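Quick notes on the structure that follows.
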Amino acid sequence: MSMSADDSPRSDIRSLRALFGPALVLLLLTGALWLLHHELKRFQLRDFLDSLAAMPSWRIWCAAALTAVSYVILMGYDLLGTRYISHPMSIPRVALASFLSFTVGNSFGMLLGGSTIRYRLYSAWGLSSIEIVKLVLLVDVTFWIGLFALAGVMFTTMPTSIPDRLHLPLASTLPIGVFCLTLATSYLVLCALRRKPVRIRHWDFHPPVFRLA
């Protein structure tokens, strides 16, 4: 069986690509463990166990329950994304993709963790590259719109003074709250009224229907 001269370099490139991903993950894991050791080296294991034992058991169980609930809520982002691209996806698969993406993304960043995991899983489950991009875009937009809405409500209903050391031309967070609420409301109005896609360079972004937004 013969092999052309061009096959060997291509095979080497594929081998390097296959090794790059695991090597990068190993490097990031090593760095994370080193940082964790650096931050915790002044503590002893006995201190941690004593502090844990001093806590009421109901607080520990509540913390674990709230952590589980938070990941169930985070699953809603990916559920909205699959509805947006009109792709039938089983809830267990969406839950797995969401859990792994947010868990790794919150540790290593969404670029190195969350988005990469979503691409690997969703592409294996039949989604095209453009569908995955749209899904991730909606996840990001939904997160930021929710953040703007929550910050807007908090800053307008309970405004706080801005420290002088920040040297900002604002006395309180009230104008920031109004701005955040304006952004969130404008997004909802856009989704309610505009049916034509919003073109950003070479990409066409179709706003989700108002109910999904």
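Coordinate-derived values only; no laboratory data. For clarity, every value in this text was computed on a predicted model and none was experimentally measured. Quick reminder, even Gly has a Cβ in these numbers, built from the backbone with ideal geometry, and neighbours come from all protein chains shown.
Restriction of the chymotrypsin sites (Phe, Trp or Tyr not before Pro) in the stretch 144-213 to DSSP coil positions whose beta-carbon has at most 12 other beta-carbons within 10 angstrom yields Phe210.
Computed extension length for Ser186-Thr103: 26.8 nm, one decimal, from 0.36 nm per residue of separation with the Cα-Cα distance subtracted.
Treating r as the C-beta distance of Ala64 and Asp164 and R0 as 35 Å, the FRET efficiency rounds to 0.25.
Of the residues Phe179, Ser70, Val133, the one whose Cα sits farthest towards the positive end of the charge dipole of the stretch 57-205 is Val133 (charges of +1 on Lys and Arg Cβ, -1 on Asp and Glu Cβ, taken about the Cα centre). Of Asp164, Asp78, Asp140, the sequence from fewest to most neighbouring Cβ atoms within 10 angstrom is Asp164, Asp140, Asp78.
Full extension of the chain segment joining Arg199 with Thr30 gains 56.7 nm, where the gain is 0.36 nm per residue of separation less the Cα-Cα distance.
Using C-alpha pairs under 8 Å with a sequence gap of at least 6, the mean separation divided by the residue count of the chain gives a relative contact order of 12 percent. For the pair His38 and Leu174, label points projected 7 Å from Cα toward Cβ lie 4.4 nm apart. Taking a ≥ b ≥ c as the square roots of the eigenvalues of the alpha carbon gyration tensor, the stretch 57-205 is oblate, as a/c is not under 1.5 and a/b does not beat b/c.
Connecting C-alpha atoms closer than 10 Å in a GNM of the chain, tell me which of Arg201, Arg59, Arg93 has the biggest fluctuation. Looking only at Arg201, Arg59, Arg93, the largest GNM fluctuation is found for Arg201. Have a look at Leu19, Leu33, Gly152 and report the one farthest towards the positive end of the charge dipole of the chain, computed about the Cα centre with Cβ charges (Lys/Arg +1, Asp/Glu -1). Value: Gly152.
Between Leu96 and Thr157, the simple spin-label model (points 7 angstrom out along Cα→Cβ) gives 4.0 nm.
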